[in-house]
Each structure stands twice: as structure tokens, then as C-alpha cells.
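Encoded as C-alpha cells, the structure appears first; notes follow it.
The values are calculated or read from the model by the stated rules, or taken from the named source; none is laboratory data. The structure presented is a predicted model; accordingly, all values stated were derived computationally and were not measured. Using ideal geometry, Cβ is built from the backbone for each residue, glycine included, and neighbour counts are taken over all protein chains shown. Surface areas here come from the heavy atoms of the whole protein model, side chains and all, with no ligands, DNA or RNA. Shrake-Rupley method; radii C 1.70, N 1.55, O 1.52, S 1.80 Å.
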Amino acid sequence: MSTTAAEMETSESSQAEITPTLRVSSLRAEFRTDSGTAIAVDGMSYDVHAGETLAIVGESGSGKSVTSLAIMGLIPNPPGRVTAGEVWFENHDLLKLSEREMQKIRGNKVSMIFQEPMTSLNPVLSIERQMVEGIIEHLDLSPHAARQHALDMLKRVHIPDPESRLSEFPHQLSGGMLQRIMIAMALSCNPMVLLADEPTTALDVTIQAQILNIMCDLRDEFDTAIVLITHDMGVVAEMADRVIIMYAGRKVEEGTVTNIFQNPQHPYTRGLLGALPKLGFAGPVGSQTLNEIPGIVPALTDLPAGCRFAARCSYATEQCVAQYPPFEEKTTAHWAACWESANLPEGNQE
């Protein structure tokens, strides 16, 4: 039976729609320390598509930021290195590209908002110098055209009096203003992928809401794929389409925002959700307390053989301690690595 040109075109179009913009596969990153080798990221895999926001959530030290630094080729070596995995973007494995090849992609097609703008921006260079340099490098514009483009980007992120801000230095600007500038820099070349590492850290709730709205608007305008790294489940509910929960370097749960919030399949996710203050929570002093996850994250230089969360988990069994659970689909489009998922109570309550 022959295939018509129209059918072939439809098939190719469908394939293009399901092909992820960025695919991370079995990524592993290690750091050499005085105490031994710390496995910061262990077998991380995910896809993110155009116009989609994927949130990666976990405590400090879970491997969220290291995953993004590995994708960008920014892990310092020594002491760190990527020891396994693939990062596919536009039919290229980014991990196999030379530094010169990565420079053409980094800050251009794949960009990153770093966690601390005050330390990520050069304190002795003006905002204009730092923005224009990348624009000229990647968009091949004249200095005058690059400056105008930088000015336009500052306007897009609602920087007041952008002409004056261009000539100022980082120490002259507030944290919220610097974060907007970091977003403007990251999006100035219309990236296909934006890695946002705690973009609202240390900002008050009003500025935080403004930053999230700006990111949503720019994502919708440019159809950018966003990987949002955060520990704030409120930001996840506001921004994300899908969620990955990381713990001690590994992905322990993945699903849609609805699945994760309404029926989490891993005790660690339930612990994170249980620690959130709820509307109407305030009451007489001492009447209510937030839930807490007991214990601490295991040392990355001495990881247990079984589930890495077992020592902190009230559902843990001997099997959990002895053997790491497979990462498998528990319900439709909802995966978790837990031996006891079927025994957890319905909903998101402990």
C-alpha cells in the first residue's frame, strides 16, 4: 500500500511535534573530594519540549543545579566531571562538543539564569558591556544595533528607565532589578531552552510574582522550553507543566503538576508537600506546627545500597534498605522509584 505525499508530510509533522527540544539521558556527574568521590548526579534523564516548563525540585544538595551546569558544560574540572550520559539538542550530544562548539550554543540557543545574580554578573563591568558582548557574539549585530537590542530586552522585562540602567553597575541595582537583567540577558538571543536556577531566590513575594509573570510571558512569546530549578513548591504550582523530584542525586518521582500535588507516589514528595504552610494555617501560638522530614540527606561520598531516602522514611521496609527500587510508571504518566507506593494513603497527606 503506497504512502501519499500528504501522509508523509503529516507523519513528519507529528514526529517534529513529539521530538523534545532537549533530551537528557542517564547523566552522571562526580566531584573528587578529600572524603572520596561524591556522586552529585546519578543517572538523571528527562525530556523537555518547546513551550513547556519542567520543574526540578529537591532539597539543597539533591543535584538540581549540577545537572544544569553539566548540560551547559560549566562543571569545573577539576574537581568535577561528567562521567556518563548524553545531552541531545538539535541532533548533537552537547557532552561531546568542543568548548569552541559549546560557546556557539551556550547563551545563544541554550541559556541559563544563574541562582545569584550579584555573583554571576561582573561587578566591574557595566550592564551594557555585559549584555552587548553576548549579543554581538551570537547575533552578529553592530555595537549600535546590539545596544538597541539590549535596551529592548530591558524594556521587555519591565526595567524602569532602561537607558540609565544600561550605564550602571551591578552594585547600584536591587536584587529584583538584577534578576530581571539576568533574565533579559538569558533571553536576549531568543534561546530554544532556558535553564532557570532558583530565579526567585531571596526576592520578596511581590517581585517574585513579577519575575514569574515575565518568564511566562517570554516563554509564550518565544515558545521557549524552560527547565525551572527550585525548592519552592508554590512556584512549581504557578509555573510548571511537569515536575521531577530529585533526592541525593537521583530522580525519585516524575509526573504532571496535578499528579504530583494530588497523589504523590513517593514519601519524599509527600514530605515536601507536607512541609508547605496552608491557607488558614495561622492560629493561636503553638496550636499547629509544620510537618518536617526527619534526618538529613546521606553523604554523597557514602551512599546506601538501597533507597537513599529509606533512613528518613516512615514507610521503609527491609527491602527498601537493601535494594534500590526501579523507577517505574505507577499510574498513567506518573513514575516513581518506591517499593511502597501501593501502600501509601490516597491523596497527598502523610
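For segment 198-249, filtering for residues that are under 19 Å from residue 58 (Cα atoms), open to solvent by 10 Å² or more (accessible area, probe 1.4 Å), outside any helix (DSSP H, G or I) and not aliphatic (A, V, I, L, M) leaves 7.
The residues of segment 169-196 that are farther than 17 Å from residue 155 by Cβ and either part of a loop (DSSP other than H, G, I, E, B) or aromatic (Phe, Trp, Tyr) (or both), listed by number, are 169, 174, 191, 192. Residues satisfying the criterion are absent from segment 95-104 (criterion: more than 30 Å from residue 135 (Cβ to Cβ) and either modelled with pLDDT of 95 or more or of a type outside the set (Asp, Glu) (or both)).
Figure legend. Inter-residue proximity from segment 210-224: first residues at positive phi, second residues aliphatic (A, V, I, L, M) and modelled with pLDDT of 85 or more, beta-carbon distance below 6 Å, spacing 6+ or different chains. Indicated pairs: 223/50.
Apart from one condition, residue 174 fits all of (1) surrounded by fewer than 18 Cβ atoms within 10 Å (Cβ to Cβ); (2) modelled with pLDDT of 90 or more; (3) over 25 Å from residue 240 (Cβ atoms); the exception is (2). Hey, among the residues in segment 139-161 that are within 20 Å of residue 203 (Cβ to Cβ) and outside any loop (DSSP other than H, G, I, E, B), which one's most open to solvent (accessible area, probe 1.4 Å)? My answer is 156. Residue pairs whose Cβ atoms lie under 7 Å apart, sitting 6 or more positions apart in sequence or on different chains, and linking a residue in segment 313-329 that is in contact (Cβ under 8 Å) with a residue 60 or more places away in the chain to a partner that is in a loop (DSSP other than H, G, I, E, B) and open to solvent by less than 60 Å² (accessible area, probe 1.4 Å), are 327/337.
Please list, ordered by first then second residue, the pairs with beta carbon atoms under 7 Å, 6 or more apart or interchain, first in segment 122-135 and open to solvent by less than 50 Å² (accessible area, probe 1.4 Å), second among the acidic types (Asp, Glu) and part of a loop (DSSP other than H, G, I, E, B). Here the result reads 126/168; 127/168, each pair linking segment 122-135 to a residue that is among the acidic types (Asp, Glu) and part of a loop (DSSP other than H, G, I, E, B).
Cβ-Cβ contacts under 6 Å between residues 6 or more apart (or on different chains), taken from a first residue in segment 271-300 that is outside any loop (DSSP other than H, G, I, E, B) to a second residue that is at pLDDT 80 or above and open to solvent by less than 60 Å² (accessible area, probe 1.4 Å), are listed as 271/293.
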